[in-house]
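To start, the structure itself, in structure tokens.
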Amino acid sequence: MRFLKIPASYWMVVGSIMGVAIISSYFVSNKKVDFNTEVKPLLNKKCITCHGGVKRQSGFSLLFRNDALAINKSGKVAIIPGDADNSEMIKRLYLKDPEERMPYKHPPLSNDEIALLKKWINQGAAWGNHWAYTPVQETPLPNIEQGPFGLFGKPAWIKNNVDAFIYEKLKEEKLTPSAMADKATLLRRVSLDLIGMPAPHAIAQQFLESTSSNAYEKLVDTLLTLPTYGEKWTSMWLDMARYADTKGFEKDDGRNIWRYRDWLIDAFNTDKPYNIFLTEQLAGDLLPNPTDAQYIATAFHRNTLTNDEGGSDNEEFRTAAVIDRVNTTWVSLMGTSFACVQCHSHPYDPFRHEEYYKFLAFFNNSRDEDTWAEYPVLKEFHNTDSTRFTALQKWLHSNAPNQEKEITQFIKTGQPAINSLVADEIKNGALADTKWLQFRNNGSARIKNIDLTGFTQLYYRYISWKSGGQFQIHVDSAKGAIVKNIAIGDSKGAWKIANITIPQTKGKHHFYITYHNNKINNPDESGVQFDWFHFTNPFPGKELAGYQTALQNFDSLLYAQQYTATPIMMENPFNLARTTNVFERGNWLVKGQEVIADVPASLGGLPPGAPRNRLGMAMWLTDKKNPLTSRTIVNRIWEQLFGQGIAETLEDLGTQGIAPTHEALLNYLAYQLMHQHQWSLKKTIKELVMSATYQQDSKFNKEAVLKDPFNKFYARGPRIRLSAEQIRDQALWVSGLLSEKMYGPSVMPYQPEGVWKSPYNGATWNLSKEGNQYRRALYTYVKRSAPYPSMISFDGTSREVCTVRRIRTNTPLQALNLLNDSVYIEAAQQLARRIKNMVPENVSKQIGKGYELAFNQSISPEKQKVFEKLYRTAFAKYSQDSLQIQQITGDKKAGPSGAALVLVATALLNTDEFLTKN
Amino acid sequence: MSKDNKKIIKEATIATTEQITRKYFFKECFSGMGAMALGSMLQGCDWLGNKDSFNNFTNTNPLMARAPHFIGKAKSVIYLHMAGAPSQLELFDFKPDLLKLDGQDCPQSLLEGKKFAFIRGVPKMLGPQAVFKQRGQSGAWISDNLPHLATVADEISFLKAVQTDQFNHGPAQLLMHTGSPRLGRPSIGSWVTYGLGSENSNLPGFMVLTSGGNNPDAGKSVWGSGFLPSVYQGVQCRNEGDPVLFLKDPAGIDRDLRKASIDAINEANQLTYNEFQDPEIVARMAQYEMAFKMQISVPDVMNINDEPAYIHEMYGTEPGKASFANNVLLARKLVEKGVRFVQLFDWGWDSHGTDGTTAVDIGLVNKCRNIDKPITALLLDLKQRGLLDETLVVWGGEFGRTPMQENRDGKTMPFKGRDHHTEAFTTWMAGGGIKQGSSFGETDEIGYSAISGKVTAHDMQATILNQLGFDHEKLTYTSQGRQFRLTDVHGRVINEIIA
């Protein structure tokens, strides 16, 4: 801790100078008006609804300085810097005529407000940047030395720099910080926060028994190394990534994207620096020679919805997914609500309408097109397919290095293929179920604007139901020159991949595909259906040794069965590139001016040398100059630990968000993350949990209840209801049921019958077995149209769109869930069994043990009495009813004592202190 | 609190509340509420924006009954959604000219620049596949598919020129119920519950019943709370198992034991409260009490066995069977008990003609038979109980159906069906301050386009909110830094059908 080593004398000097400065500025009457804290809130409240980004009455807008200083429709200038009296804006505030006086049809501004605006204009009408849009600077620590000249040093309560900021505010508010929480409480708190569940027994014991002064720090360090740490922080990220195991709309079919979830767990566990963590998720595919893991990271933005409903417009839903990626990137990674800029300039913050589409252009060139198969997907081969792939790659590397990348990419991702659903001008055919191009006899269709220069080989995936068919590729029109005539046999309804040599064409053309089959007599009968077309070159190295084996490997990998496929982001190659236009008023069908990819001007340009694609955008986003990225993540981490952000609106750090309670602290933490911790989240988390602020007792005292009921100033530790995930994991862990298995496809724990009922979908909820039903909550299968009930009860979301923060509620349905859900009944049964095994006799001791298992501390005599009373009531009742005993214990051999203990365990799992981080 | 006191407070509240939008409330009161659960907030900072009332922590219920912007005519809503989109041309929108065109090629002018879900190339026109008559004093056209409903035509206001811009079920249903075709927005029932709370503290404020074997295409999002706190989402009543998830005590815990365990939980919580003084604990204790009460009140209201025989006859209900009729009767019972918004979805109205069950002259007729008697009974029953005036009943689908016969993928279909149609369809409203026996909006002579009195989903939503006492432009919630409302930036109250 650098700060602590600085001699006190230094701080005395600084402190006194600062003190003088503050006092003098306070008394100088002509002090500079601050735009951000004084003027902007007033403008936002009184003016900007009509003179902002949405409406610009009389052409006057107060959003940007150059707009505000311009000549309006009336020919007058609203703001003349240095001359308030002649500024039309000020004149209009004084008028008597209600049609003329501003704010229009609203109460006039007060004299003080007008005086403030005049003073501001007279001082030059300087525009300030909102705090969150200014670069993160090194933040001086507040002077909290006590006594005259700081002679008594820092208060003993202070443990690290975080506390200095907190203490300063507490002093201002005349609040007293709380003492440290007791060890057991602290253990439970920090474990739930760091690993999302109680600490493993041995680690807990070691901490509780240790008398060392750094026992807590050791505990923190240990927790940060546990694999469960990655699982806990992944849970947080999944809400932002809108991660789910289904596609979303209508049938809501399954989607295989759990490899992304596993990537996150590993990324958190290895403490991947946050800038790289983001870069890989936003643009892993554009990094040089991307690894499988880097491709999988890009699934972050493949968690968008896909619409498989027959008759849906694929381009509409592709566009919707792109828009979602823009909005999610801003709201989750940069704490900025960008969604409103889709339809008009931002009403309050400095983002222009067209800037939305410039940013959208970064995302608009990805390969995905709302296909049923969710192309592009990355195949990770297993077993023999993996061996084949390695052999193929090796051969290519030595024999055809120039084509290695292209061929392995095609095998692994199937790209860059042209999806048949882009076809238009379809005659005697259709996009079957709006997914695949299907032809009847004499069918034809167009594929627009394709450049096939240099390609001589065509691969295509198809199903055919008839032998004797032929398809032709024509240039420029359905009757245009035939590039190739291709015979197509009966595939007997199975998908096949075929390839054929084609002559070269040059330049961009519309290609027409026609299909003829004289064996089809019924004009309504379809002969063939295509999935994709891939234009490339012949497999290389015909003359080289090993060619045959390599080709065999290639061919059989086209039909590989043993792989995990994950939807990923990939960029269009040059011949499929899209242009991007502004959508007028946000309507995707009304295209305005064409734009090229860029970031909003108010947040600085792309860094030098950054390419104009997603990678360049990621470089800008993770640049230390980006004012939002670091602030957003430290604010989020603070929220995870303290229950609320320093700026409460995690989703909006802009001028309409709730102002941070400790702006300097937020800046300090953001700077630390980038410069001191080198983007290490673990180090940031450690710094926070090592603070005295975090380690405080969470009891409310009278003073705090009155002055700070919501703990905005942190005169006590955080006391927050656990998240849906923590509640499940904790209950399973305490009972001893929790499976420690990590990774893999999502699982289906117990769920009542009849929750899933999607139309046209026979999918069923099959209870997982072999311990998989006891996995941590983050592995639970998420079906968007019918999410897991207890996740939703406890404020989880259905993951349709990015959720930046969950709003905690407290409802009777939560009580019913925990009282009656089989998951929790089973946990209670198991907890009762566990207790009985540990303490065979003596009810008092058994109850004490149960409490100890849950909280790592002894039960108070009063609580002991409460549970003993419940035990006695239950025991008496069960003694008369052996059927009830069997039902509640699920055990034919159990007696009334076992049954009563289950009831006690249920109660224990339902107490407020169990559901709350204390 | 006595009923009179409640009334006085309510009236006093209304005058002030009219000045204040929900945005104000959330902005002024929710700032910095931070760690506190919303549950505690809504009472802590009342609807008047009075920030000094944080000390009252004992009554902590986000579903507490609240006054709307002005006094609405309706207290509750029963929304009957026919998922799949029923054909207006076989039910309410009588087009004799279409009959004359039956079997002819559809003119190019109706196809150019249009997009259909399944029609390709040139389809044939399909005349009405039902017999129409004018009914009641109002002379409303209702087909013989709905003979019972025909007898109560004079209670109903028809909207004959409803339009949408979504021609797929999922997005269109979302638009109808959340104001947006994309997932992620709160449903109308959630908005209403957020605005009004619940009158019955033992029942959720927004309940959902489904029939027809499937959930609607858009999934549970059509009754989801979107970005509103999850407490406002619709609670689905189930046809099998527990009427509400996790309602039933597990085997081996009877009522006495449940009582004893909740007592123990709350006594332990009281001790925790004594130690921590966290008001949230008191809130949790109240929720456990309420859960206990709900375990009685929900099965009670969901039980239709005790209804008199004439009611069963009227509705065509059969206790124990999962049916639309049962759901309609339950809807009546729920609004009677003070539930604000009851949403029914009946699946299976997608009359494409791909098989008999989706043919407009076979499957549709059967679907009509299932709803005709119960819906008629609902209107009559509400009326005889004096509840129709304060209960708004809404009926409709997510879009309409084409005057052309569907020719999926350009092929002739074996049965008579119609494709999805966005440009004109019929919905209706009754009760809750809606005009009796009226009709608004007209379509052209073949029922293809709306020619006058066009309304949209947003207009219907604005009207529903209006009947409940809300200005749809002022019922807002800030999410992701932007103020949202149910009607997005659209919506007009359809004054033409308001009494």
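Values in this text are rule-based calculations from the coordinates and carry no lab data. Predicted model, so just to flag it, every value in this text is computed and none were measured. When we count neighbours, we look across all protein chains shown, and the Cβ atoms used for this are built from the backbone with ideal geometry, even at glycine.
Structure notes:
- Net charge of the neighbourhood of A:Ser213, taken over other residues with C-beta under 13 Å away and scored Lys/Arg +1, Asp/Glu -1, is +2.
- Trypsin sites (Lys or Arg not before Pro) lying in DSSP loop within segment A:705-802, provided at most 12 other Cβ fall within 10 Å: A:Lys769
- Listed residues B:Ser180, B:Pro229, B:Leu245: farthest to the positive end of the dipole of segment B:157-258 (Cβ charges): B:Ser180
- Contact order, relative form, for chain A: 14 percent (alpha carbon pairs under 8 Å, 6 or more residues apart, mean separation divided by residue count).
- Debye intensity ratio in log₁₀ form over the Cα atoms of segment A:35-128, taken at each q of 0.20, 0.21, 0.25 Å⁻¹: -0.98, -1.11, -1.73
- The residues neighbouring A:Ala241, those whose beta-carbon lies less than 9 Å from its own, together hold a net charge of +2 under the Lys/Arg +1, Asp/Glu -1 convention.
- Charge tally around B:Thr391: other residues with Cβ under 14 Å, Lys/Arg +1 each, Asp/Glu -1 each, net +2.
- When the convex hull of its Cα atoms is viewed from all sides, chain A shows a mean projected area of 48.8 nm².
- Candidate aspartates and glutamates for bridging to B:Lys75, where Cα separation is under 12 Å - those fewer than 8 sequence places away on the same chain excluded: B:Glu199, B:Glu336, B:Asp389, B:Glu390
- More than 15 angstrom apart: percent of Cα pairs within segment B:255-298: 42 percent
- Of all complete DSSP H helices in chain B, those with a Cα span along the helix axis of 30 Å or greater and a mean Kyte-Doolittle hydropathy of -0.5 or more are B:279-302, B:363-384.
- Between segment A:179-203 and segment A:81-98, the Cα center-to-center distance that results, in Å: 61 Å
- In chain A, the DSSP-assigned H stretches of four residues or longer account for a calculated mean residue ellipticity at 222 nm of -12000 deg cm²/dmol, using -39500 (n - 2.57) per stretch and the full residue count as denominator.
- DSSP beta bridges fully contained in chain A are about 95 percent antiparallel.
- Rg to Rh, two decimals, where segment B:154-201 supplies the alpha carbon set and Rh follows Kirkwood: 1.11
- Scaling the Cα radius of gyration of segment B:358-474 by the globular reference 2.2 N^0.38 Å produces a ratio of 1.28.
- Taken as Cα centroids, segment A:434-457 and segment B:309-382 sit 48 Å apart, rounded to the nearest whole angstrom.
- For chain A, a crude dipole built from +1 on the beta carbon of Lys and Arg and -1 on the beta carbon of Asp and Glu, taken about the Cα centre, is about 780 debye to the nearest 20.
- Spatial extent of segment A:166-304: Rg and Dmax, with the Cα atoms as the point set, Å: 19.9, 59
- The orientation-averaged shadow of the Cα convex hull for segment A:504-636, equal to a quarter of the hull surface, comes to 17.9 nm².
- Stokes-Einstein D (µm²/s) once Rh is taken as the Kirkwood radius of segment A:114-221 over alpha-carbon pairs, at 10 °C in 1.306 mPa s: 86 µm²/s
- Distance between segment B:430-471 and segment A:696-730 - C-alpha centres, whole angstrom: 49 Å
- Neighbour-limited loop hits for GluC sites (Glu not before Pro), segment A:38-117 (at most 15 other Cβ within 10 Å; DSSP other than H, G, I, E, B): A:Glu99, A:Glu100
- Assigned charges on the beta-carbon of Lys, Arg, Asp, Glu; chain B dipole about Cα centre (debye): 480 debye
- In segment A:822-917, the convex hull through the Cα atoms has an average projected area of 5.8 nm², a quarter of its surface area.
- Counted over all Cα-Cα pairs of chain B, pairs farther apart than 37 Å make up 31 percent.
- At most 11 other Cβ within 10 Å, DSSP loop - trypsin sites (Lys or Arg not before Pro), segment A:503-552: A:Lys506, A:Lys542
- Farthest positive-ward along chain A dipole, Cα basis, beta-carbon charges - from A:Thr580, A:Ala763, A:Tyr824: A:Tyr824
- The share of Cα pairs per 5 Å bin across segment B:121-246, counted from zero up to the longest distance, runs 2, 9, 13, 13, 14, 16, 15, 11, 5, 2, 0, 0 percent.
- Calculated log₁₀ intensity ratio I(q)/I(0) where the Debye formula runs over C-alpha points of segment A:413-539, q = 0.12, 0.17, 0.19, 0.20 Å⁻¹: -0.39, -0.82, -1.05, -1.17
- Sites counted here are GluC sites (Glu not before Pro) in a DSSP loop (not H, G, I, E or B) having no more than 10 other Cβ atoms within 10 Å; the longest part of chain B that contains none of them is B:241-499.
- Where Cα atoms sit under 20 Å apart: lysine pairs in segment A:595-729 separated by 8 or more or lying on different chains: 5
- Size of electric dipole in segment A:35-128: Cβ of Lys, Arg +1 and of Asp, Glu -1, about Cα centre, debye, nearest 20: 240 debye
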